[in-house]
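Comments concern the structure below.
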């Protein structure tokens with residue numbers, strides 16, 4: 001007979017979902033970390049939920065980083081056995097800088113109150129919004145500290161409401177630390193469970209149903225005790241939008257239009273080359289705009305090495321391609337070099353000498369940046385940089 005929520009022993013389990021073609025482990029600065037609170041389950045009779053509401057808090061610690069969010073309220077939709085926590089990541093595309101991941105979850109129930117239920121739900125959503133903003137605004141010192149303090153304060157309010165609530169029931173409080181370098185594949189799961197001790201090998205994630213994931217034990221839905229299921233994803237390519245994307249696209253269009261004007265004779269070769277050469281006297285010329293953009297990309301602490309490398313290299317390649325074409329009086333050279341960069345870097349083939357030299361130059365700039373900021377550098381694939389970036393593609397032309 002399944003254990004009632006709030007009874008039994010607390011334990012964590014890791015469930016690996018390794019695919020044969022995607023079995024790489026987390027590597028610092030190459031990959032992003034994404035954490036989703038997928039679902040939670042509390043084994044209580046339906047009458048219990050007529051008089052009680054459940055909520056809780058989740059804390060995720062990375063080296064020098066601490067994220068705290070509320071779980072909202074436990075609510076079962078019609079026909080559902082588990083309650084979704086959020087329909088979006090708690091930690092979304094945070095550059096993995098190495099080290100371990102510590103997860104702590106607390107779940108409780110208090111006497112039902114419509115106002116408190118709404119407050120707990122709203123506070124839970126707010127904490128996730130704040131954490132997302134902190135990650136998107138990260139610098140080399142880490143996520144935005146002031147926003148993480150706001151999230152911590154909101155989560156403390158959730159804990160206080162639960163601790164002072166009438167007829168409080170504690171379901172579980174669990175904490176464990178995981179070495180992300182031991183997680184292989186693009187998706188792994190962490191189960192935080194209180195109930196009977198489980199055989200880890202019998203835990204599976206079923207993705208065949210109408211809903212994205214279902215936790216099973218020995219082929220059946222796990223209806224024992226109380227549990228929260230987290231998904232830990234290794235992301236190769238940044239999926240969000242950076243503030244400089246629009247500017248990058250404008251500059252790309254400006255260079256394309258610039259080459260069209262040169263082709264139709266509206267500027268001389270000398271005038272064109274002046275525009276394609278960075279100048280302190282003319283900081284608004286095309287080359288100066290490109291170099292300013294490249295500097296912004298290099299110093300975007302939200303991006304992985306691979307994404308920063310391919311993005312800054314692409315715009316340096318555009319500038320080089322334009323110069324080559326102007327010197328050769330052949331705009332087709334520009335189009336050829338421009339397109340070859342995308343084709344060669346995204347198809348996993350060894351690039352031509354021009355692209356290879358640009359990649360190496362930009363990689364050296366990233367290493368120099370880390371030296372100045374005191375960050376530890378990772379080697380990627382040394383001289384064969386193209387082997388690293390074959391897993392990504394330019395972000396700002398999606």
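So, by mean Cβ neighbours within 10 angstrom, what's the order for 272-283, 116-127 with the highest one leading?
Ranked by mean Cβ neighbours within 10 Å, highest first: 116-127, 272-283.
Based on DSSP H runs of at least 4 residues, each adding -39500 (n - 2.57), what is the mean residue ellipticity at 222 nm of the chain after dividing by all its residues, to the nearest 500 deg cm²/dmol? Numbers along the way, then the final one.
Working: 9 runs with 146 residues, N = 398.
Mean residue ellipticity at 222 nm (helix-derived): -12000 deg cm²/dmol.
For the pair residue 354 and residue 266, a Förster radius of 35 Å applied to the C-beta separation gives a FRET efficiency near 0.80, rounded to the nearest 0.05. Using the average count of surrounding beta-carbon atoms within 10 Å as a protection proxy, the listed peptides 164-170, 293-299 rank, highest first, as 293-299, 164-170. Computed over the alpha-carbon pairs of segment 158-257, the distance histogram in 5 Å steps reads 2, 8, 13, 14, 14, 11, 10, 9, 6, 5, 4, 3, 2, 0 percent, short to long. Using a simple spin-label model with pseudo-atoms 7 Å out from Cα toward Cβ, residue 181 and residue 115 lie 5.3 nm apart.
Taking all Cα pairs closer than 8 Å and separated by 6 or more residues, the relative contact order of segment 135-218 comes to 13 percent. Between residue 46 and residue 156, the contour length at 0.36 nm per residue exceeds the alpha carbon distance by 36.7 nm.
Compared with the direct C-alpha span, the chain from residue 285 to residue 200 gains 24.4 nm at full extension, assuming 0.36 nm per residue. Would you please classify the overall shape of segment 9-235 from the alpha carbon gyration tensor, given that a ≥ b ≥ c denote the square roots of the eigenvalues, rounded means a/c under 1.5, and beyond that prolate means a/b larger than b/c while oblate covers the rest? Oblate shape, in that a/c is at least 1.5 and b/c is the bigger or equal ratio. In plain terms, the chain from residue 163 to residue 330 could stretch by 52.8 nm, reckoned as 0.36 nm per residue minus the Cα-Cα distance. Our analysis of segment 113-152 gives Rg over Rh at 1.16, with the two radii drawn from alpha carbon positions and Rh computed by the Kirkwood formula. With respect to the chain, whose longest principal axis is taken over its alpha-carbon atoms, helix 114-136 is tilted by about 30°. By the equivalent-ellipsoid construction on the alpha carbon gyration tensor, segment 245-389 comes out with semi-axes of 28, 18, 12 Å, ordered largest to smallest.
Computing FRET efficiency as 1/(1 + (r/R0)^6) for residue 221 and residue 141, where r is the C-beta to C-beta distance and R0 is 45 Å, gives about 0.50. Labels on offer are [x] 6, 26, 36, 24, 8, 1; [y] 4, 20, 25, 19, 14, 10, 5, 2, 0; [z] 4, 18, 22, 18, 14, 10, 7, 4, 2, 0, 0, and the one holding P(r) over Cα pairs in 10 Å bins from 0, in percent computed from this structure is [y].
For the chain, calculate the relative contact order in percent as a whole number, restricting contacts to Cα pairs under 8 Å that are 6 or more residues apart.
So the answer I get is 21 percent.
Applying a 10 Å radius around every beta-carbon, put 320-327, 258-265, 53-60, 4-11 in order of their mean neighbour count, most first.
On the way: 320-327: 20.4, 258-265: 14.9, 53-60: 24.1, 4-11: 17.6.
For the peptides 320-327, 258-265, 53-60, 4-11, the packing ranking is 53-60, 320-327, 4-11, 258-265.
Here, each number is a calculation from the coordinates, and none is a lab measurement. Computed from a predicted structure; not experimentally measured. FYI the Cβ positions are ideal-geometry reconstructions off the backbone, even for glycines, and counts take in every protein chain you see.
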